Every structure is written in structure tokens, then in C-alpha cells.
Amino acid sequence: MPGPPTTAKGPRAGSLEQLLAAKEIAITCGSGGVGKTTAAAAAAAMVAVKQGGKVLVVTVDPARRLANALGLEGFGNAEKRVPPEAFAAAGVTPRGELWAAMLDTKEAWDRLVQRHSPDARTARRILDNPLYQNVSGRFVQSHEYIAMERLYEIHSEGDYDLIVVDTPPTRNALDFLEAPQRMADFFSSRFLRWLTVPYRSRLVNLASRPFYQVADRILGSQFLQDIAEFFILFQTMYAGFVERAEAVGRLLHDRRTTFVVVSTLEAAPLREAEFFIDALADKRFHMGAVVLNKVLPRYLLDEDTAAVAERMRARADEVAGEVANGAGDPEQIARVLREVADSFCNFEVVARREAEQRAELALTPEVIVTVPFFEVDIHDLAGLLRLGERMWASHG
């Protein structure tokens with residue numbers, strides 16, 4: 001039996017199940033509203049059920065939809081196991097364990113400060129700094145940077161066989177990937193050296209003195225001192241930032257890390273997906289899979305079925321007369337038949353366009369997964385597993 005297709009880097013996965021079986025980290029990306037969080041949770045649940053091991057799904061999206069679907073209370077920065085009772089209620093016995101966590105930015109920043117500060121006294125001064133207390137949860141690149149820091153920390157601990165990461169919406173997810181290096185660059189920037197130099201030395205350059213005099217009047221000397229102290233203290237952790245940024249970059253490019261882009265085939269989300277696929281290729285990340293959600297069923301592409309719809313539309317009056325048989329208005333029945341046939345034909349046009357779009361996307365990732373529209377919202381583990389089964393069975 002022939003094996004899966006190969007690339008220059010090795011064999012290509014034939015399904016999402018095969019892809020995730022060979023990975024340690026799967027990072028899901030996509031625009032808002034396409035089912036990205038649900039797809040990430042469903043994939044993680046399926047790995048825990050089918051492949052075994054210890055699986056973690058972690059979301060850096062502020063929404064708490066994942067907790068509701070998994071039946072978790074107190075969902076936060078610490079990983080929490082999905083109870084076996086939840087799987088029993090869904091009618092399955094998993095081979096492994098499923099865990100979940102959601103990023104708490106403030107708590108994670110505090111842990112980072114304690115880990116990378118040169119000593120306990122410096123860590124306490126940073127944590128007590130008024131500016132740090134106000135911005136640690138809202139700082140530029142804060143959420144994205146700490147997400148990468150947390151991912152690296154969890155992976156380094158080696159407790160999980162697979163970590164599935166649910167990222168912020170697409171263009172923010174690029175910040176998620178670039179945040180470690182941007183943060184390191186920021187804390188070594190000329191701007192910060194210029195801002196903090198008066199507070200490192202009592203000698204203020206004559207050229208900069210007017211700026212500080214004006215800033216002092218507008219902002220107040222205490223506020224300026226808090227800013228300067230904040231950045232001076234943070235720069236004591238600069239070496240740790242640079243070292244971790246490089247380590248995170250290596251982890252993201254590691255052969256055991258893959259990216260999964262989730263989208264629908266609507267115009268705006270599809271453009272976002274294509275944008276992100278191109279960005280991943282430019283940065284030489286592994287593009288593992290595209291999950292296309294809410295796709296029209298394949299029977300709409302069946303030529304025999306389409307021919308039946310065409311005949312029904314052409315012979316609507318004749319068929320209506322036979323169906324009515326004196327018990328209904330043939331004209332009304334014919335109108336219904338034509339509308340049903342027209343509706344099928346319209347959906348067929350959209351389905352063929354979707355098929356062409358899928359074919360274009362298939363040139364890049366190893367796996368294309370198509371998921372049909374679910375009439376019922378997914379709100380529990382049983383629903384996640386139904387979605388996961390469709391993702392596992394799909395081969396594009």
C-alpha cells in the first residue's frame with residue numbers, strides 16, 4: 001500500500017489525526033467568529049480520546065467560551081483537568097487526559113518578573129511600582145508576549161504530550177508570534193535609554209533639560225520617576241527577555257510545532273486566512289492544516305442530483321398536476337417546486353465556488369479539513385466530540 005505523499009522535509013500527513021500524532025504543539029489561528037476556539041478544543045479532545053496521553057488546550061482569547069464547552073469552573077491561568085465524568089456524560093472513555101487553561105495576563109506577568117529578576121528585592125520593587133500595577137495587564141504587546149512566555153514555560157515543563165493553543169483573532173495572532181522579539185527590542189531601544197538617563201545620573205544633558213522641565217510641569221515629577229524606575233528595573237531583566245525570545249523562536253520553528261488555520265469560506269474570513277497562510281510561509285513556520293468550517297455538503301456537487309433539480313424546475317407544472325390530483329392548487333404546488341429547484345441550483349453554484357476555493361488552499365497546507373454547518377450550537381463536551389469526529393474523518 002503506498003504511503004502518504006512526501007515533501008522535501010519528509011512525509012506529509014494525510015489527515016488531521018496523523019498530523020497531530022506527530023506534533024507537540026499545535027497553534028490554531030483565524031479571524032473572529034469562524035469557530036477557532038471550538039475547533040481547537042475539539043481537536044484536543046479527540047487526541048485525548050483516540051490517541052491517549054496528556055493533552056492541554058490553552059486559550060489566549062479573552063472570551064470564556066472554552067470553559068463552558070468543557071464544563072470547567074474556575075477556569076484560569078492554572079491548568080485544570082476536564083473531569084472523567086464529563087467524558088462519561090458524553091458516552092466515551094478517553095485513552096488519555098484532557099486539560100484546559102486560559103491565560104491570566106496579570107498573574108503570568110507577576111510570575112515572569114519573579115522568575116527573571118536578578119534578585120527578590122528587584123522583583124518586589126517592580127511588582128510594587130504603580131506603573132507596573134496599572135499596565136501589566138494592558139501594556140503594549142503584553143497579552144501576546146506573555147502568551148508566548150506561558151506556552152514556552154508549559155512546554156519546557158514537559159508535562160503534556162500535546163499542547164493546542166487557541167490564539168487571538170488573525171492579525172493579532174501575528175503580534176502573538178512577533179511579541180517576544182518586539183518586547184526585547186523595546187526594552188533595549190534608544191527611546192528608553194533617553195527617557196531614563198536623567199534618573200540614572202544627576203547630570204542632565206542641556207539639550208534634554210527643556211523636555212524634562214516641560215514634562216515635569218505637565219505630568220509631575222513623581223509620575224516621571226515612576227516611569228523611569230519601571231523601565232530601569234525592567235531593563236535588569238533584558239538578558240532574560242532576549243534569551244527567551246530566541247528560545248521561543250526556536251520552539252515555534254521546531255519540527256514538532258505546527259500551525260492550524262481555521263476559517264469559513266466567506267469572503268472576509270477567507271482573505272484573513274490567506275493573509276495568515278502567506279505570513280506563516282514568509283516566516284518559515286510549518287503550515288500543518290486548514291480547517292474550513294460551515295462548509296456546504298458535498299451532495300450539492302452531485303451531477304445526477306443537479307440534473308433532477310433542473311428537470312423538476314422544467315416540469316414543475318406537469319408534476320404539480322399529478323401531485324395535486326384534485327386535492328390542491330396545481331399553480332401553488334408548481335411555484336413551490338420551482339422555488340425548491342431554484343434554491344438547490346443556487347446552493348450548487350455556491351458549493352462549486354467553495355470547492356474551487358478549497359482546491360486553491362490545498363496547495364499550501366499538509367491537510368485540508370472541511371466541517372459542515374452544525375444546526376445546533378456546541379455547548380458541551382459531547383458536541384465538541386461530534387465536531388471532532390467530523391474533523392478526524394475529513395480529508396478535504
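Computed from the coordinates by the stated procedures, all read-outs in this text should not be read as laboratory data. Predicted model, so just to flag it, every value in this text is computed and none were measured.
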Item to complete: Report, by chain and number, residues whose modeled amide H sits under 5 Å from the one on residue 295, excluding near sequence neighbours (fewer than 5 apart, same chain).
Response: 371, 373
Discussion item. One quarter of the convex hull surface, Cα atoms only: what value does that give for segment 271-320 in nm²?
Written reply: 5.8 nm²
Worksheet item: Cα-Cα over 18 Å: which of 36/294; 54/283; 36/106; 54/80?
Response: 54/283; 36/106
Practice prompt. Starting at the first residue of segment 40-52, write each ³J(HN,Hα) from the Karplus equation 6.51 cos²θ - 1.76 cosθ + 1.60 with θ = phi - 60°, in whole Hz, x for Gly and Pro.
Written response: 4, 5, 5, 5, 5, 5, 5, 5, 4, 6, 8, 9, x
Worksheet item: If amide H atoms are built 1.01 Å from N in the plane of the peptide, which residues on other chains or at least 5 residues away come under 5 Å of the amide H of residue 97?
Response: 53, 54, 55
Worksheet, complete the sentence: With the 8 Å Cα cutoff and a minimum separation of six or more residues, segment 301-351 has a relative contact order in percent of 46 percent
Worksheet, complete the sentence: For residue 50, counting only aspartates and glutamates whose alpha-carbon sits under 15 Å away and dropping same-chain residues fewer than eight positions off, the answer is 17, 97, 161, 389
